[in-house]
Amino acid sequence: MNIGLMGCEFLSPNKGCEALTYSTVSIISEWAKSCDNITIFNFSGTELGYIKNEFPNLEFVNIHPRIKDLKFNYIKALKKCDIILDITMGDGFSDIYSKKYYDNLILHKKIAESFCGNYVLLPQTYGPFQYNSSTKNAVKVFKKAKKIYCRDKLSKDFLNSLGINNNVDLTTDLAFILPYNKNKYTLSNKNKIGLNISGLLYNGGFESANQFGLTINYKKLVFNIIEKLIKENKYEIHIIPHVIDTSEDSHDDDYKVCQEIVKKYPQCILAPAFNNPIEAKSYISNMNIFIGSRMHSTIAAISSGVITIPISYSRKFEGLFESINYNYVINGKKLTTSEAFNLIIKYLDNCDVISKKVKKANIVIQEKKANIVCDIKKILDNIMN
């Protein structure tokens, strides 16, 4: 059986995108234990990275998704696929990052649907869209999909408003499934607070002009939090990247910003430049409290039982955390800097209460995880048979 994966980053600076890929492949790998000759076609355009070591029972084939190819290797590979699973990097099904980038994504989705009748959109966020043409093109893709999974209610409601109701299910983010090993890192016995700093927000976005329309001064908020924590001296402070691109011309990287912050505040500890998402989650799982601006870093935290305070720059945060009944998101597009700071301090002062909410959220997570894993396996069974 041939399974195509689109929008799955096998080797990416963004450990959140990788987390979705590793989680998806973990479901396929478990299902494939009773099957022979399962081949995964990687249509991401990236190398496979470390994933072969984690899932040795699967065969992987890299296909460069090049449309202008005289040998038609891309089209031939799409035709070979019995099913295509597309996750669009979790939040890429939107034009908020770049209209040009979005239009290219949509083009590939349309091509995939043309050559493979079993096209499934895995749990992700849909929208928002800034342009009418973006919405119209999205609807064309939605109407041809065999199945659409939403990872938050906001996305499902959005699809319903577009008249997309059939074969649409509400579930949760696949990264909740990501495995981890808490004992991988030897850290101190002190109370530890982890701060994931988003280089993207720190620098204003891809275009360096408050691209996401934040009402907070993100850089000032980060400094205020760190200075408050240093003054109180209650926690060992870990500065944790979740997008790691050490190239000099990188536009989206946390690591260099984290280095800059630790240089400014040497009382803090810089986390490693992780090789894969399992390493990142394993490190984060050792924190007592975690404040994060990359959504998948906060998913890693809460799903490993850590008290989590997400800082939101997109409705994907609110939608996702509402779906697990967890209401401690700091909305960076509504609050002022001082309001956000005061709310974070309030949450830190009420950790005992929030800890109980984390446990309750994980009960919901476990149920949603079981449902989506079972559902995807049933789809694969039906196609196999």
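The values are calculated or read from the model by the stated rules, or taken from the named source; none is laboratory data. Keep in mind that this is a model prediction, so the values were computed, not measured. Ideal geometry is used to build each Cβ from the backbone, glycine not excepted, and the neighbour counts take in all protein chains shown. Areas reflect the complete protein model, heavy atoms only, side chains present, ligands, DNA and RNA absent. Shrake-Rupley method; radii C 1.70, N 1.55, O 1.52, S 1.80 Å.
Report the full-extension gain for the segment Lys378 to Asn189: residue separation times 0.36 nm, less the Cα-Cα distance, to one decimal in nm.
Extending this stretch completely gives an extra 63.6 nm.
Given labels modelled 7 Å from the Cα in the Cβ direction, how far is it in nm from Lys153 to Glu248?
For the pair Lys153/Glu248, the computed spacing is 5.0 nm.
With every protein chain present, what accessible area does Ser304 have (1.4 Å probe, heavy atoms only), rounded to the nearest 10 Å²?
20 Å²
So how much slack lies between Glu30 and Ser114, counting 0.36 nm per residue of separation and subtracting their Cα-Cα distance, in nm?
Result for the pair: 27.3 nm of gain on full extension.
Given bins 10 angstrom wide, list per bin the percent of all Cα-Cα distances in the chain, short to long.
Result, from short to long distances: 5, 24, 34, 25, 10, 2, 0 percent.
Pop out the carbon and sulfur fraction of the accessible area of the chain as a percent, whole number, probe 1.4 Å.
Of all accessible area on the chain, carbon and sulfur atoms account for 47 percent.
Output ³J(HN,Hα) for segment 141-146: one whole-Hz value per residue in order, computed from phi by the Karplus curve 6.51 cos²θ - 1.76 cosθ + 1.60 with θ = phi - 60°, and x for Gly and Pro.
Here the 3J(HN,Hα) series is 5, 4, 5, 9, 6, 5 Hz.
Quick check: from the Cα gyration tensor, does segment 78-176 come out rounded (a/c under 1.5), prolate or oblate?
rounded
If I ignore ligands, DNA and RNA and count only protein heavy atoms, how much of Glu279 is accessible to a 1.4 Å probe, in Å² to the nearest 10?
It works out to around 30 Å².
Rounded if a/c is under 1.5, else prolate if a/b is larger than b/c, else oblate: which is segment 153-210, with a ≥ b ≥ c the root eigenvalues of its Cα gyration tensor?
It is oblate, given that a/c is not under 1.5 and a/b is not larger than b/c.
Excluding ligands, DNA and RNA, what is the solvent-accessible area per residue of the chain at a probe of 1.4 Å, expressed in Å²?
43 Å²
Taking every DSSP beta bridge with both residues inside the chain, roughly what % is antiparallel (nearest 5)?
The answer is about 0 percent antiparallel.
Looking at Gly45, Ser314, Ser297, which one has the Cα that reaches farthest to the positive end of the dipole of the chain (charges on Cβ: Lys, Arg +1; Asp, Glu -1)?
Ser314
Could I have the simple spin-label model distance between Leu48 and Val364, label points 7 Å from Cα toward Cβ, reported in nm to one decimal?
3.8 nm
Can you list the HN-Hα couplings for segment 99-116, worked out from phi with the Karplus curve (6.51, -1.76, 1.60; θ = phi - 60°), rounded to whole Hz and with x for Gly and Pro?
Going residue by residue, I get 5, 4, 5, 4, 4, 5, 4, 4, 4, 5, 5, 4, 5, 4, 5, 5, 10, 9 Hz, with x marking Gly and Pro.
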